[in-house]
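J.: If you scroll down you'll find the structure; I have some questions about it.
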Amino acid sequence: MKTVFLTGATGTMGWAGMQELLKYPDQYKVRILARPSAKNKEKLAPYLERIEVVWGDLTRYEDVLRGVTGSDYVLHVGGMVSPQADYKPLQTRKTNIKAAENVRDAVLAQGDQQPKVVYIGSVAQMGDRREPLHWGRTGDPICVSAYDHYGITKAWAERILTDSGIRHWVSLRQSGILYPAILKNYDPIMFHVPIRGVLEWATVEDSGRLLERVCRDEIPEEFWRRYYNIGSGAEYRVSNYEFECLLLEAIGCPRPEKIFSAHWFTTRNFHGMWYLDGDELEKYTHFRANVPIREYFHQMAQSDTLPAGLKFAVRSKLVYASHLVPHIVKLAMYAMAMSKEHGTQWWIRHNREQRIHAYYGSMEAYRAIPDWKHTDLSHNSEEAVILDHGYDEQKPMSEFTIEDMQRAAEFRGGKCLSSDMVKGDWDTPLEWQCAQGHKFKATPRLILLGGHWCPECFPWPYSDQPNARNWDWDSEARRNPFFAQLWAPLHDAEEHNVYGPEIFTGWEK
């Protein structure tokens with residue numbers, strides 16, 4: 001009997017994971033951490049005889065310690081996610097980063113009885129991956145998009161946990177999750193997504209199944225201390241336009257061309273990619289159900305867990321009536337695009353230069369967006385541009401020496417200052433120096449396998465701290481060839497990052 005401590009059990013992925021674990025009562029003792037809110041108490045009431053609940057908060061170390069102590073596995077799923085994270089950036093930072101620190105400290109406090117730690121990262125850590133760089137893999141440069149407070153916290157939390165000295169950890173970078181309630185997630189942030197952007201989605205069932213599978217005895221030692229991308233496979237690789245078509249079809253709404261204007265959508269600065277290495281996780285865990293994506297969308301539309309109002313509309317064909325009056329639906333969508341602060345059309349109306357620059361490039365670029373008739377809506381290229389990671393990836397990891405680390409550092413515009421390392425030792429921190437002269441310690445795993453680099457150059461936009469740092473990927477690209485191969489093809493030669501003041505103000509809200 002294994003004790004599994006699960007954070008975020010009342011959220012989308014965590015709830016699905018808890019249901020999977022409870023299918024095996026002879027194998028798992030399920031322990032969860034949950035805030036003692038009235039909503040959580042009502043939701044968990046039917047399960048109190050089958051689970052152990054630590055009533056507390058991720059930001060309180062003593063609560064996390066109670067959950068970690070005596071556990072065999074820690075599934076750290078909990079935290080603030082979008083779109084709430086976009087409206088509450090300060091709370092997002094406090095929750096996601098403090099939670100990672102608490103999990104790290106509680107696990108290390110167990111000494112020789114450390115549990116295995118599964119951290120759920122995010123595709124948002126990888127930032128904008130437009131064509132021709134829409135295929136990616138772990139080890140590519142971490143490049144969080146401007147204004148993505150959630151993505152920044154997930155990148156920092158991953159670094160905290162995976163470079164901590166914990167003996168058994170794994171970071172699973174989650175993609176967008178498909179679940180019935182997504183059909184009602186109408187928010188102005190939906191227009192932050194470029195039409196030709198892509199995502200390899202993961203179903204909620206696959207995601208929950210994955211959380212149980214990583215706790216099984218047959219998971220080999222080689223699985224641990226690595227980074228993986230979560231996706232439901234080739235069937236779920238779609239463009240954002242294709243996703244909108246699938247979603248609207250499932251609930252009986254007109255196609256995107258009928259209810260949206262093309263220029264409501266941004267043209268860059270979001271996140272999402274198709275995975276070159278997506279099958280790696282499936283190889284170890286066999287978590288995919290492989291349901292055809294169109295069938296899955298129709299299953300969501302008929303789900304018993306669909307919100308009651310939307311369920312009634314779908315099943316009574318009331319939504320289908322919008323075919324008769326698409327202009328009414330379009331007016332409602334325009335009102336959303338005009339929403340204060342996060343609406344793309346609100347930025348345009350009020351000339352929010354920093355936002356316009358980040359998401360469109362310029363006002364001229366915005367005005368040049370074609371209408372639907374002249375927009376390329378074809379399926380994105382299946383050909384992949386593979387980024388160079390700066391070392392021989394065919395070489396066995398056991399054969400790596402300090403010379404390999406020095407070459408990797410040079411490709412990142414810096415140096416590996418350590419003079420030696422034990423051959424094949426990826427877990428002892430080495431000393432590095434970036435092109436700016438910042439010195440830092442990090443394991444080879446974090447740098448080469450995780451795609452991280454200098455913590456002092458990475459955005460740390462906390463206005464309540466004296467070392468607050470701006471997004472400045474242009475400068476990083478000029479001094480870091482590893483990073484430049486991602487940034488330069490998608491941006492002008494001189495982008496002039498001017499995001500700072502508005503972003504700093506955002507952290508105070």
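The values are calculated or read from the model by the stated rules, or taken from the named source; none is laboratory data. Bear in mind that the values here come from a model prediction, so they are computed numbers and not experimental data. Counting neighbours? That spans all protein chains shown, and the Cβs are built from the backbone with ideal geometry, glycine included. Quick note on the areas: whole protein, heavy atoms, side chains included, nothing else; ligands and nucleic acids left out. Shrake-Rupley method; radii C 1.70, N 1.55, O 1.52, S 1.80 Å.
J.: In segment 89-105, how many are over 20 Å from the mean Cα position of the chain (by Cα) and of a type in the set (Gly, Ala, Ser)?
T.: Counting residues in segment 89-105 that are over 20 Å from the mean Cα position of the chain (by Cα) and of a type in the set (Gly, Ala, Ser) gives 0.
For (1) under 18 Å from the mean Cα position of the chain (by Cα); (2) in contact (Cβ under 8 Å) with a residue 60 or more places away in the chain; (3) closer than 25 Å to PRO180 by Cβ, each residue gets a yes or a no:
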| residue | (1), (2), (3) |
| --- | --- |
| LEU22 | no, no, yes |
| ARG66 | no, no, no |
| TYR73 | no, yes, no |
| GLN84 | yes, no, yes |
| VAL107 | no, no, no |
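J.: Being among the β-branched types (Val, Ile, Thr) and open to solvent by 40 Å² or more (accessible area, probe 1.4 Å) narrows it down to one of THR59, THR3, THR95, so name that one. Steps first, answer last, please.
T.: Numbers: THR3 fails: open to solvent by 40 Å² or more (accessible area, probe 1.4 Å); THR95 fails: open to solvent by 40 Å² or more (accessible area, probe 1.4 Å).
Exactly one residue qualifies, and that residue is THR59.
J.: Still on this structure, please answer the following. In segment 94-120, what count of residues is obtained for those that are of a type outside the set (Val, Ile, Thr) and within 23 Å of ASN229 (Cα to Cα)?
T.: Count: 8.
J.: Working carefully through the options GLU62, GLU52, GLU20, find the one that is closer than 14 Å to LEU211 by Cβ and among the acidic types (Asp, Glu).
T.: Values: GLU62 fails: closer than 14 Å to LEU211 by Cβ; GLU52 fails: closer than 14 Å to LEU211 by Cβ.
Sole residue among the options that is closer than 14 Å to LEU211 by Cβ and among the acidic types (Asp, Glu): GLU20.
J.: Can you name the residue in segment 352-384 that is assigned to a loop (DSSP other than H, G, I, E, B) and at pLDDT below 95 and, of all such residues, is surrounded by the most Cβ atoms within 10 Å (Cβ to Cβ)?
T.: So the first thing to find is which residues in segment 352-384 are assigned to a loop (DSSP other than H, G, I, E, B), and the list is 352, 361-362, 368-371, 375-384.
Those left that are additionally at pLDDT below 95: 352, 361-362.
Values: ARG352: 16, GLY361: 18, SER362: 12.
Among those that are assigned to a loop (DSSP other than H, G, I, E, B) and at pLDDT below 95, it is GLY361.
J.: Sticking with this one: If I ask for residues that are basic (Lys, Arg) and modelled with pLDDT under 60, which ones from segment 290-334 would you list?
T.: The initial filter retains those residues of segment 290-334 that are basic (Lys, Arg), namely 294, 311, 315, 317, 330.
Selection gives LYS311, ARG315, LYS317.
J.: Considering each residue of segment 172-190, count those that are more than 17 Å from SER82 (Cβ to Cβ) and outside any strand (DSSP E or B), and give that number.
T.: Start the filter on segment 172-190 by keeping residues that are more than 17 Å from SER82 (Cβ to Cβ), which leaves 172, 180.
Filter again for outside any strand (DSSP E or B), leaving 180.
Adding up the residues that qualify gives 1.
J.: Let me ask something else. Is there any pair with a first residue in segment 241-257 that is at negative phi and a second that is modelled with pLDDT of 90 or more and among the β-branched types (Val, Ile, Thr) whose Cβ atoms are under 6 Å apart and which are 6 or more apart or on different chains, and what are they?
T.: From segment 241-257, the pairs are TYR241/ILE195.
J.: When you scan segment 191-302 for strands (runs of 3 or more DSSP E) that lie fully inside it, which ones turn up with 1 or more residues that are in contact with a Ser or Thr (Cβ under 8 Å, 6 or more places away or on another chain) and open to solvent by less than 10 Å² (accessible area, probe 1.4 Å)?
T.: On the way: elements: 198-200, 226-229, 237-239.
Once the strands (runs of 3 or more DSSP E) in segment 191-302 are filtered for at least 1 residues that are in contact with a Ser or Thr (Cβ under 8 Å, 6 or more places away or on another chain) and open to solvent by less than 10 Å² (accessible area, probe 1.4 Å), what remains is 198-200, 226-229.
J.: Next question, about the same structure. Got a number for residues in segment 242-284 being within 20 Å of the chain's Cα centre (by Cα) and hydroxyl-bearing (Ser, Thr, Tyr)?
T.: Qualifying residue count, segment 242-284: 3.
J.: Just to be sure before I move on: is ARG349 open to solvent by 40 Å² or more (accessible area, probe 1.4 Å), among the basic types (Lys, Arg) and either at pLDDT 95 or above or in contact with a Ser or Thr (Cβ under 7 Å, 6 or more places away or on another chain) (or both) in the structure I sent?
T.: Values: open to solvent by 40 Å² or more (accessible area, probe 1.4 Å): yes; among the basic types (Lys, Arg): yes; either at pLDDT 95 or above or in contact with a Ser or Thr (Cβ under 7 Å, 6 or more places away or on another chain) (or both): yes.
Spelling it out, ARG349 is indeed open to solvent by 40 Å² or more (accessible area, probe 1.4 Å), among the basic types (Lys, Arg) and either at pLDDT 95 or above or in contact with a Ser or Thr (Cβ under 7 Å, 6 or more places away or on another chain) (or both).
J.: Identify, please: which residue in segment 115-133 is open to solvent by 10 Å² or more (accessible area, probe 1.4 Å) and charged (D, E, K, R) and is, among those, nearest to TRP473 (Cα to Cα)?
T.: Checked segment 115-133; the qualifying residue nearest to TRP473 (Cα to Cα) is ASP128.
J.: Which numbered condition trips up ILE166, out of (1) within 18 Å of VAL81 (Cα to Cα); (2) part of a loop (DSSP other than H, G, I, E, B); (3) at pLDDT 95 or above?
T.: Condition not satisfied by ILE166: (1).
J.: Show me the helices (runs of 4 or more DSSP H) entirely contained within segment 47-155 in which 3 or more residues are at pLDDT 95 or above and small (Gly, Ala, Ser). Can you show your working first?
T.: Values: elements: 61-68, 84-87, 89-108.
Passing ranges, in order: 89-108.
J.: Return the total of residues in segment 392-415 being assigned to a loop (DSSP other than H, G, I, E, B) and surrounded by fewer than 18 Cβ atoms within 10 Å (Cβ to Cβ). Step through it out loud before you land on a result.
T.: Here is the first cut: in segment 392-415, the ones assigned to a loop (DSSP other than H, G, I, E, B) are 392-396, 400-401, 412-414.
Restricting the remaining residues to those that are surrounded by fewer than 18 Cβ atoms within 10 Å (Cβ to Cβ) gives 392-396, 401.
Residues that pass the stated criteria total 6.
J.: Suppose we filter segment 179-225 for residues that are under 30 Å from ILE369 (Cα atoms) and not hydrophobic (A, V, I, L, M, F, W, C); how many remain?
T.: Taking segment 179-225 as the starting set, the residues that turn out to be under 30 Å from ILE369 (Cα atoms) are 182-201.
From what is left, the residues that are not hydrophobic (A, V, I, L, M, F, W, C) are 184-188, 192, 194, 196-197, 200.
Residues that pass the stated criteria total 10.
J.: So, one more: Since GLY136 meets every condition but one in (1) small (Gly, Ala, Ser); (2) farther than 27 Å from TYR28 by Cβ; (3) open to solvent by 10 Å² or more (accessible area, probe 1.4 Å), which condition does it not meet?
T.: Condition (3) is where GLY136 drops out.
J.: I need the full set of residues from segment 6-15 which are in contact with a Lys or Arg (Cβ under 8 Å, 6 or more places away or on another chain) and either surrounded by fewer than 24 Cβ atoms within 10 Å (Cβ to Cβ) or free of Cβ contacts under 8 Å to residues at least 24 places away in the same chain (or both), in order please. Spell out how you get there, then give the answer.
T.: Step one: list which residues in segment 6-15 are in contact with a Lys or Arg (Cβ under 8 Å, 6 or more places away or on another chain), which gives 6, 10.
Result: THR10, single match.
J.: Separate question: ASP163 fails exactly one of the following numbered conditions: (1) among the acidic types (Asp, Glu); (2) touching a helix residue (DSSP H, G or I) at 6+ places or on another chain (Cβ under 6 Å); (3) surrounded by fewer than 19 Cβ atoms within 10 Å (Cβ to Cβ). What is the number of that condition?
T.: (3)
J.: While we're looking at this one, here's another question. Of all the residues that make up segment 62-91, how many are open to solvent by 50 Å² or more (accessible area, probe 1.4 Å) and touching a Phe, Trp or Tyr at 6+ places or on another chain (Cβ under 6 Å)?
T.: 1
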